[in-house]
1. Which of 107, 206 comes first, and how do the rest follow, when ranked by fewest Cβ neighbours within 10 Å?
2. Provide the FRET efficiency to the nearest 0.05 for the residue 207-residue 109 pair, computing r from the beta carbons and using R0 = 35 Å.
3. Write down the percent of antiparallel bridges among all DSSP beta bridges whose residues are both part of region 160-248, to the nearest 5.
4. Could you list log10 I(q)/I(0) for region 1-138 at q = 0.09, 0.13, 0.15, 0.22 Å⁻¹, which the Debye formula gives when each Cα is one point scatterer?
5. Which of 68, 130 has the fewest other C-beta atoms within 10 Å, and how do the rest follow up to the most?
6. Can you give the percent of C-alpha pairs in region 229-303 whose distance is more than 17 Å?
7. Under unit Cβ charges (Lys, Arg +1; Asp, Glu -1), what dipole magnitude, rounded to 20 debye, does region 1-92 have relative to its Cα centre?
8. In Å, the Kirkwood hydrodynamic radius of region 173-254 over pairs of distinct alpha carbons?
Amino acid sequence: MIMLDKGTFIISIDTELAWGTFDHGGHKKYKEAYEKYRFIISQVLKLFEKYDIPATWAIVGHLFLDSCHREDGVIHPDIVRPRHQWFGADWFSLDPVTDISSDQIWYGSDIVKMIKEAYPKQEIASHSFCHPVFSDKGCSKETAESDIAKCVRLALNEGIELRSFIFPRNLPGHLDILSKYGFKVFRGQGDRYCPLKLPQVIKKMYFLLDDMVATTPPTVLPKAASNNGLIEVPASMLFRFAYGKSRIIAEGMRFRKAKKGIDAAIKRRRIFHLWFHPISFAWKMNLMLAELDAILQYASEKKKDGLLEIATLKEDAGCFMMQGARTTNLTLRQSVCIITEAQYSKKITLMACPSTIPAPLSSAERR
Ligand SMILES: [Zn+2]
């Protein structure tokens, strides 16, 4: 059985602004919340600095832009359009095609800068360019490849080599393309499940109840996702917002649940993987920030005690273990054992990119 050298805490953050919800009208419904996004990110980064926490920020590629333009009348002609059945119009039909000063919920170059310059160093990962659902038949291979290629090129333009990927709606697909473009690790869905066969709406209530009473969340281990070398690090717990039905979750319960996750990771020498969206802090902001503060403080204390590693997705199991597997010709499982026996906590420089990674974009291409 695979066992890490010590428990590990990972935080991954889906950073998407209006791109995360526009296909269901969220750009209107959550407009006020999105307008708090930058302040929220600044507050979360302050907490990360306070407790010396590196996290993984998966950023939608369109947020690397501060403006965009039509080319021969077409918005982003280099992107093969997703054709999701729930969104009949052109996928970019709501893209304002303006700039960051006019439409701040669609562009985010200042957000990328803020995260890039944060201390301690944060990992910038990808959350796709335009948030298509990779698992859906409406996202063809051509769509996925054009989307990912653009993300990689925009990031390289900022000197960032993308290694971690978080799928829109957390629904994996087209892993071969991720691998082709140099990604090493992605967040999996996790093994949280409802033990009973129930309709989706009832399951949602079950999960809400589960969070209300703060049961111990699952701890996870990295695993080989397929034969293309990608590593999956499943999620453990969503830091749930205080909106809609979720308002019912009592103050302190998010911390209580996460604390149980950290304790379980330490005890079992596994990973506790917390994730959230910045917009989740838009409601009851002070309470939510206080809950995150308490989680980070607890994790930081455990780290000081030598009981817990705190790592980004890239630093952690994914790339780390795959490097061992590739360079030693061992199976992933064998390499995991060897690496963990050696020095799991030591950070390893990642392997060079494969040759398929395109050159950075020219200024004209960036639009
Ligand atoms: Zn655009």
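1. 206, 107
2. 0.50
3. Antiparallel: roughly 25 percent of the beta bridges in region 160-248.
4. Each listed q maps to, in turn, -0.32, -0.63, -0.80, -1.40.
5. Least to most surrounded, the residues fall as 68, 130.
6. 46 percent
7. 340 debye
8. Its Kirkwood hydrodynamic radius stands at 14.9 Å.
Read-outs: derived from the displayed coordinates by stated rules, not from any lab. A quick note: this is a predicted structure, and the numbers were derived from the prediction, not measured. As a convention, Cβ positions derive from the backbone with ideal geometry for all residues, glycine included, and neighbour counts pool all protein chains shown.
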